[in-house]
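Enquirer: For reference, the structure I am asking about is given below.
The values are calculated or read from the model by the stated rules, or taken from the named source; none is laboratory data. Bear in mind the structure is a predicted one, so any value in this text is a computation, not a measurement. Note that we place each Cβ from the backbone using ideal geometry, even for glycine, and neighbour counts take in every protein chain shown. Heads up: the accessible areas ignore ligands, DNA and RNA and are worked out on the full protein's heavy atoms, side chains in. Shrake-Rupley method; radii C 1.70, N 1.55, O 1.52, S 1.80 Å.
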Amino acid sequence: MINDHDLFIELFEPLRSTLDDMRVNASSIHNKKSQTDAFSYFKAIDDFPFIVNLILTYRVLELSLLVTKLLQSKTNDIVDGIPMITSLISRVASIRKNVDVYHSRWYNEGLSIAKFLNIQESKPRTNKRQIF
């Protein structure tokens, strides 16, 4: 069975590769607009902060997935969801208490994906310009 991390890489890498092929347009099958759009999308996802933010977003939304599915079902009885909601609140509180541990774990997950894709670790500049 493929775990989430492997599935993410399995889907992200072909998307990135396809966008790269489209932007280079070596086979000349893409029109200018498609090539320009592919360049913009490739530039956006071929970026270490994007990968880390994607991992963080995925992990945070993953927490509420079961509750979300339950409350959107046809038999969306809130009483059935109370134990799940209580558990979700406890889990979020635990993550907040141990945010450094979770951040490190998720950041390292982003690092491993970036390494697999040959994307250099980087961080945005914290100063826009230096004033003397």
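Enquirer: How large is the charge dipole for the chain, taken about the Cα centre, if only the Cβ atoms of Lys, Arg (+1) and Asp, Glu (-1) carry charge, to the nearest 20 debye?
Expert: 640
Enquirer: Moving on to the next point. Please identify the longest segment of the chain free of exposed trypsin sites (Lys or Arg not before Pro), where exposed means a DSSP state other than H, G, I, E or B and no more than 15 other Cβ atoms within 10 Å.
Expert: 1-73
Enquirer: Can you list the lysines whose alpha carbon sits under 17 Å from that of residue 32, skipping same-chain ones fewer than 8 residues off?
Expert: Excluding near neighbours in sequence, the set is 43.
Enquirer: Return a whole-number percent for the relative contact order of the chain, with Cα pairs under 8 Å and 6 or more residues apart as the contact set.
Expert: Over the chain, the number comes to 28 percent.
Enquirer: Could I ask something else about it? When a/c is below 1.5 the answer is rounded, else prolate if a/b is larger than b/c, else oblate, so apply that to segment 64-113 with a ≥ b ≥ c taken from the square roots of the Cα gyration tensor eigenvalues.
Expert: oblate
Enquirer: In nm, give the distance between the simple-model label positions of residue 20 and residue 62, each being 7 Å from the Cα along the Cα-to-Cβ direction.
Expert: My value for the distance between the label points is 2.5 nm.
Enquirer: If you don't mind, another one. Compute the whole-percent fraction of alpha carbon pairs in the chain spaced more than 21 Å apart.
Expert: Value for the chain (Cα pairs over 21 Å): 60 percent.
Enquirer: Follow-up question, since we're still on this one. Over all directions, how big on average is the projection of the convex hull of the alpha-carbon atoms in segment 6-46, in square nanometres?
Expert: If you wrap the Cα atoms of segment 6-46 in a convex hull and average its projections, you get 2.8 nm².
Enquirer: Also, quick follow-up: Do the alpha carbons of any pairs in 33/69; 33/123; 69/97 sit beyond 32 Å of each other, and which pairs?
Expert: Pairs exceeding the cut-off: 33/69.
Enquirer: Residue 9 versus residue 97, label points 7 Å from Cα toward the beta carbon: distance in nm?
Expert: 3.3
Enquirer: Helix by helix through the chain, keep the DSSP H runs that span 15 Å or more along the axis on Cα and average at least 1.0 on Kyte-Doolittle, and give those back in order.
Expert: Result, helices passing both filters: 48-63.
Enquirer: Counting only protein heavy atoms, what percent of the accessible surface of the chain is carbon or sulfur at a 1.4 Å probe?
Expert: Accessible surface attributable to carbon and sulfur in the chain totals 58 percent.
Enquirer: Of 54, 65, 117, which is the most mobile in a GNM of the chain whose springs link Cα atoms less than 10 angstrom apart?
Expert: Maximum among the listed residues: 65.
Enquirer: First measure r as the distance between the Cβ atoms of residue 118 and residue 90, then evaluate 1/(1 + (r/R0)^6) with R0 = 41 Å and state the FRET efficiency to the nearest 0.05.
Expert: 0.55
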